[in-house]
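One structure below.
The values are calculated or read from the model by the stated rules, or taken from the named source; none is laboratory data. It should be emphasised that the depicted structure is a prediction, and the values quoted were computed from it without experimental measurement. All Cβ positions, glycine included, derive from the backbone under ideal geometry; neighbour counts span all protein chains shown. We work out accessible area using only protein heavy atoms, side chains counted, and drop any ligands, DNA or RNA first. Shrake-Rupley method; radii C 1.70, N 1.55, O 1.52, S 1.80 Å.
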Amino acid sequence: MSGAAGLALAWALSLTGIVISFEARTFDWRARLMAPEGPPSDAVRLIALDQASLDWGARENGLSWPWPREVYGVILDFCRRAGAKAVAFDVLYTEPSSYGVSDDAALADAGRRFGRFALPVFLGRESGKAGDWPADMPADPLAIAGLGAWLAGVDPAVAPVFPKAAFPVPEVAAGAKILGNVSQEPEFDGIYRRVGLFGVFDGKAVPSLPLAARLLAEPDMEAAISGHTLRLGPVAVPLDDAGLCIPRWRRSADFPTVSAAQVIQSELALREGGTPTLDPSIFKGRYVLFGFSAPGLLDLRPSPVAGVTSGVEIHAQALQSLLTGDFLRVVPHWSGWLLAGLFAVAGATLVSLATGAAAMTAAIVVFLPLPLALALGGYALGWWLPLALPQAAMAGALGVAVVVSYATEGKQKRFIKSAFKQYLSPDVIEALIAHPERMSLGGELRELTIFFSDLQGFTTISEGMGPQELTALLNKYLTAMTDIILEEGGTVDKYEGDAIIAFWNAPLDQPDHAARAVRAALRCQDRLTELRPTFRELSGHDLHMRVGLNTGEAVVGNMGSDSRFDYTMLGDAVNLASRLEGVNKQFDTYTMMSEATRLAAGDAVASRRVALVEVVGRAEAVTVHEPLWPKEAASRRESLDAFAAALEAFIAGEFATALAGFEALAENDAAAASYVKRCRRCLENPPEDWSGVCVMTSK
C-alpha cells in the first residue's frame, strides 16, 4: 500500500510539471558535479570575438560594428599558418558586406587558401515552402564523407526535416568546403542540454557545424547510421527519439580560448616580420572554432555547466564528444516509471519490516538516497537515468510507510517505553520493541555481570527521618545512581529499599559488559561523593554505598505468572555478587569485584587485589579486587605496590612481615587498617592449616 501511495504521489507531481523541471535541474547538477577532470582539451581550441576585441578594433583601427569581412580572413590566414586541422566559423553572413563585394571575396579567398573551412547555415523548423539548395553553395554537405545515402530509409524522427534555411551570401560561401547547421533548440527552460548533429533540407542531409568540422578533417572516415546510433569511424553516437545527442558536458575552462584581437595582431605582426603575441603552434593539428562572446553580439547561451556561455562553446562541447565518443545515452521513457515502482515498493516494504526507531531510521537513510546514487552511477557510466520520478516515488513511499508504521505500531511501542523506561536503558527498550516476543515468560542461560549496591547504615539513618523526607532522599539517591547504570547500558532488575540490583549483557548482547558494570560502579561512587553534602542536609548523615560485582553464568528472562512477571535473573553468580557487596564491610572498602569480573573487564579498568575470601554458602574461595580509575591507580602506584607485597606476605602466613607492611599504610588506607587487626589476631592465635583464605561468617 505504501509503495502504491508513493507511486501515486509521483504521478500527481508529474502532472504539474514539477518532475520534468526537477529532472532537468538534477541533470545540470550531475553534469557540473561529474564533469570530466584533467587537463584542458588538446584537440579543440576557440577564438572568441570578445568585448576586448571590439574595444581594440574601435580604439586602434577605428573599426565600427560590423567589422569588414577581410578582418575575418586575417584570422583564417593565421590558422592556416599555424597548421590547424579544420576551422569552423559560427558567424552567419546572410547579407552582403556593407564594404562591398570585394570584402566578401576577401573572406572567401582566405577560406579557399585554407581549404578545410566550414561556414554556418541556419535551418529553421517554421512552416513554409522549402527552397532549393542554392546552386552556388557547396555541394551535398555530406557527400564529402560519402554519407549522402543516409537519407535512404532513415527515420524522419532521427533525421528531422527543416522547411526553411538561411544561407551565407554566395560570395562568402564560395570559400567554404562545407556548410554546417548552427540551429540548436534549447529545452523547455531555455538551457541547451542536447544538440542535433544533422538534419534534412531540400533532400540533402546537413551536418551540424561541429560535425562538419569533424568531417572536414577526416573526409575518408567511414560513417553510417543504424537505428538510433550514428557511427563515425570508431565513435558510436547514441541519438534520442528526436535525433539529438547529449554530449558529456565539460567545464568552460576545458576549452582554451584566445581573443580574436590577439590572433589578428599576431598575423599582422608575422606578415611584417615581427614577433607575434600568440605562438601559431597553439592551433597546430587542432580543430579551431570561431564565434562571438561579447555580450552585445547576442550569442550567449545557458548550458548545464555554466549560467551563460557563448554559442560557439556549445558547438565545441559537441565536437569534443564527437572526437572522444563521450556521449550520454537516454533510457526509454517508461523506464522512469519502472524504476519509480521498484524503488517505491522495495523502500516501503523494508521500512514497514523494520522494527524499532533505529532500524526504521537506518532503512530510510539507506533507501532514500538510492535513486540519487543510481543516477550518479549511471551518469558516470554514460547514461542519463531518470532521477526525479524515482526519487519522488521513493520519498513518498517511505513517508507513507513511516506514518502507517507509527499508526499501527506506535501504541504498542509507547506502552513498552512507558512501562520500562525507569528500569531499562533506551537501547534495551528498543530491543524489546524490535522483539516483543522477549516479553513472554521464559529464561536463557547467559554470562552476566551483576551489580549489587546497598547504603551503609541506612536503617539507622531512616529511623531518624519522617516518611516524606525519607522518600525524597531515597528518590534523589536512586535516580542519580540509576541514571548512571542506564547510561552504561545496564538493566535495573529491582530496587529493594535502598538497594539497587542491576546486570549487563541481557537482553542485549554487550561484549564489554564487565567493563560497563565496573565503570558504572566507579561513576556511582564519584556521583555519591558529589551529592554527599546535599544528602547530609536532608538526613544529617554522610551516605556511603557498598557495591559488589561478579561475572558469571545466570538464568535471565521474564519470570512470574502469566499475568504479572519481571525481567530478572537467578543463579549462583547472582548470589556471589550479593555476598561481595557485604564483604566490603570486612575490609572497609566500598566497591569490590570478583576475579572473574576483573578478567572480563580487561584493561578497561585498574584494580588492586584485596583478599582471597570464602563467602557464606560457597565452599570455593574467591579472589576479590577493588576497582580503581586508571589515573587514581597511577597516582597511588607506590602505596598499591606496598599493599600488594604485604598481602602476599599475609597469604603466605608471614604475619609479622605483613603487619609491618600494612601498618605503614594504615593511616591513609582503610583496607590496610583492616588487615592490621587481622595480622595481630593471627599473631596472637596462629591459625592451623593456614591457606591464606579469609572466611566470612556472615552475609
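From the list Leu142, Leu119, which one is open to solvent by less than 20 Å² (accessible area, probe 1.4 Å) and at pLDDT 75 or above?
The unique qualifying residue is Leu119.
Of everything in region 83-116, what is in a helix (DSSP H, G or I), open to solvent by less than 10 Å² (accessible area, probe 1.4 Å) and aliphatic (A, V, I, L, M)? Give them in sequence order.
Leu107, Ala108, Ala110
When residues of region 494-515 are filtered for being at pLDDT 90 or above and either surrounded by fewer than 22 Cβ atoms within 10 Å (Cβ to Cβ) or more than 12 Å from Ile450 (Cβ to Cβ) (or both), how many remain?
Counting residues in region 494-515 that are at pLDDT 90 or above and either surrounded by fewer than 22 Cβ atoms within 10 Å (Cβ to Cβ) or more than 12 Å from Ile450 (Cβ to Cβ) (or both) gives 10.
Tell me which of these Gly175 doesn't satisfy, since it passes every other one: (1) at pLDDT below 90; (2) over 19 Å from Ala236 (Cα atoms); (3) among the small types (Gly, Ala, Ser).
(1)
What number of residues within region 279-302 satisfy the criterion of being more than 41 Å from the chain's Cα centre (by Cα) and open to solvent by 20 Å² or more (accessible area, probe 1.4 Å)?
Selection size over region 279-302: 10.
Only one of (1) under 30 Å from Arg231 (Cβ atoms); (2) part of a helix (DSSP H, G or I); (3) open to solvent by 30 Å² or more (accessible area, probe 1.4 Å) is not met by Val312, so which one is it?
Val312 satisfies every listed condition except (3).
Could you list all residues from region 226-273 that are open to solvent by less than 40 Å² (accessible area, probe 1.4 Å), under 21 Å from Gly180 (Cα atoms) and not in a loop (DSSP other than H, G, I, E, B)?
Once the filter is applied, which keeps residues that are open to solvent by less than 40 Å² (accessible area, probe 1.4 Å), under 21 Å from Gly180 (Cα atoms) and not in a loop (DSSP other than H, G, I, E, B), region 226-273 yields Thr229, Leu230, Leu232, Val235, Ala236, Val237, Pro238, Cys245, Ile246, Pro247.
Quick one: would you say Val676 is open to solvent by less than 70 Å² (accessible area, probe 1.4 Å), among the hydrophobic types (A, V, I, L, M, F, W, C) and within 26 Å of Gly602 (Cα to Cα)?
Considered against the rule, which asks whether it is open to solvent by less than 70 Å² (accessible area, probe 1.4 Å), among the hydrophobic types (A, V, I, L, M, F, W, C) and within 26 Å of Gly602 (Cα to Cα), Val676 comes out as no.
Identify the single condition in (1) assigned to a helix (DSSP H, G or I); (2) at pLDDT 90 or above; (3) surrounded by fewer than 20 Cβ atoms within 10 Å (Cβ to Cβ) that Pro276 does not satisfy, given that it satisfies every other one.
Every condition holds for Pro276 apart from (1).
Which residues, taken from region 618-666, are assigned to a helix (DSSP H, G or I) and among the hydroxyl-bearing types (Ser, Thr, Tyr)?
Ser635, Ser639, Thr657
Could you grab the pairs with beta carbons closer than 8 Å, sequence gap of 6+ or different chains, first residue in region 354-380 and at pLDDT 70 or above, second one among the charged types (D, E, K, R)?
Close Cβ pairs (under 8 Å, with a partner that is among the charged types (D, E, K, R)) amount to Ala375/Arg30; Leu376/Arg30; Tyr379/Arg30.
So is Glu60 acidic (Asp, Glu) and surrounded by fewer than 16 Cβ atoms within 10 Å (Cβ to Cβ) or not?
When the stated conditions are applied, Glu60 passes them.
Between a residue in region 637-649 that is in contact (Cβ under 8 Å) with a residue 12 or more places away in the chain and any residue that is open to solvent by 40 Å² or more (accessible area, probe 1.4 Å), which pairs come within a Cβ distance under 8 Å, given they are 6 or more apart or on different chains?
Matching pairs, first to second residue: Ser639/Asn668; Ala642/Ala664; Ala644/Arg609; Ala646/Thr657; Ala646/Ala660; Leu647/Arg609; Ala649/Thr657.
Take the residues of region 529-553 that are among the small types (Gly, Ala, Ser) and touching an Asp or Glu at 6+ places or on another chain (Cβ under 8 Å): which is surrounded by the most Cβ atoms within 10 Å (Cβ to Cβ)?
Residue satisfying both the conditions and the ranking: Gly548.
Return the residues of region 600-622 that are in contact (Cβ under 8 Å) with a residue 40 or more places away in the chain, surrounded by fewer than 19 Cβ atoms within 10 Å (Cβ to Cβ) and at negative phi; say none if nothing qualifies.
Ala604, Leu612, Glu614, Val616, Arg618, Ala621
I'm told Asp526 meets every condition in (1) under 26 Å from Gly602 (Cβ atoms); (2) in contact with a Gly (Cβ under 8 Å, 6 or more places away or on another chain); (3) surrounded by fewer than 17 Cβ atoms within 10 Å (Cβ to Cβ) except one. Can you identify the failing condition by its number?
So the condition that Asp526 fails would be (2).
Can Ser183 be described as at pLDDT 90 or above, out of contact with any Pro (no Cβ under 8 Å at 6 or more places or on another chain), surrounded by 15 or more Cβ atoms within 10 Å (Cβ to Cβ) and closer than 14 Å to Pro160 by Cβ?
Yes: the conditions hold for Ser183.
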